[in-house]
Amino acid sequence: LSARMRLARCARGRQQLRSISSGAAPLPTQARVVVAGGGIIGTSVAYHLAKLGWGNDVLLLEKDQLTSGTTWHAAGLMVTFGSLSETSTEMRKHSKQLYSRLLEEETGMSTGFMPVGFIELATDEGYLEEYRRVAAFNRK
């Protein structure tokens, strides 16, 4: 994430917010965009807005550690197979490149992304036909 972005943490049981950014600067009183949640979607939205030049106007709020919720449990399960939508397939490809290579090149920090892959088994002719259709689409 952009160093200009502020990450915040809600103290347990209190309304008080405190900064967990490296400079421990106070939270801004306003922002053009406030992203709630530091999982894969929230951090991606904040990252892409910062890349578009909104860096100082994006506030990402997370109640715990970044990616510590559901995102953490699904680490590595990012696949490009399985969609018949060009938009979805391109987003999946971009995400895989972003987390496996680009972020580390930009920031010098590893994301820890470890693609693990998966296997789907066609249990009948209908699923086999669907997987063939998806595979053909993804080869385009």
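The values are calculated or read from the model by the stated rules, or taken from the named source; none is laboratory data. Only a predicted model underlies this, so the values are computations on that prediction, with no experimental measurement involved. Every residue, glycine among them, receives a Cβ derived from its backbone with ideal geometry; neighbour counts consider all protein chains shown. Surface areas here come from the heavy atoms of the whole protein model, side chains and all, with no ligands, DNA or RNA. Shrake-Rupley method; radii C 1.70, N 1.55, O 1.52, S 1.80 Å.
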For THR123: the one exception among (1) polar (S, T, N, Q); (2) over 17 Å from the mean Cα position of the chain (by Cα); (3) surrounded by 12 or more Cβ atoms within 10 Å (Cβ to Cβ); (4) assigned to a loop (DSSP other than H, G, I, E, B)
(3)
Of all residues in region 84-137, count the ones that are under 23 Å from VAL45 (Cβ atoms) and either in contact with an Asp or Glu (Cβ under 8 Å, 6 or more places away or on another chain) or not hydrophobic (A, V, I, L, M, F, W, C) (or both).
24
Out of curiosity, is LEU98 part of a helix (DSSP H, G or I) and more than 20 Å from ALA36 (Cα to Cα)?
yes
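Do you know which residues across region 51-65 are touching a Gly at 6+ places or on another chain (Cβ under 9 Å) and open to solvent by less than 60 Å² (accessible area, probe 1.4 Å)? Before you say what the answer is, go through the steps one by one.
Step one: of region 51-65, the residues touching a Gly at 6+ places or on another chain (Cβ under 9 Å) are 60-65.
Result: LEU60, LEU61, GLU62.
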Residues being buried (at least 19 other Cβ atoms within 10 Å of the Cβ) and not in a helix (DSSP H, G or I) - total across region 38-50:
1
Unique match (being touching a residue at least 24 places away in the same chain (Cβ under 8 Å) and open to solvent by less than 90 Å² (accessible area, probe 1.4 Å)) among SER88, SER95, SER110
SER95
List the residue pairs whose Cβ atoms are under 9 Å apart, where the first residue sits in region 55-71 and is on the phi > 0 side of the Ramachandran plot and modelled with pLDDT under 80, the second is among the aliphatic types (A, V, I, L, M) and in a loop (DSSP other than H, G, I, E, B), and the two are 6 or more positions apart or on different chains.
THR67/ALA75
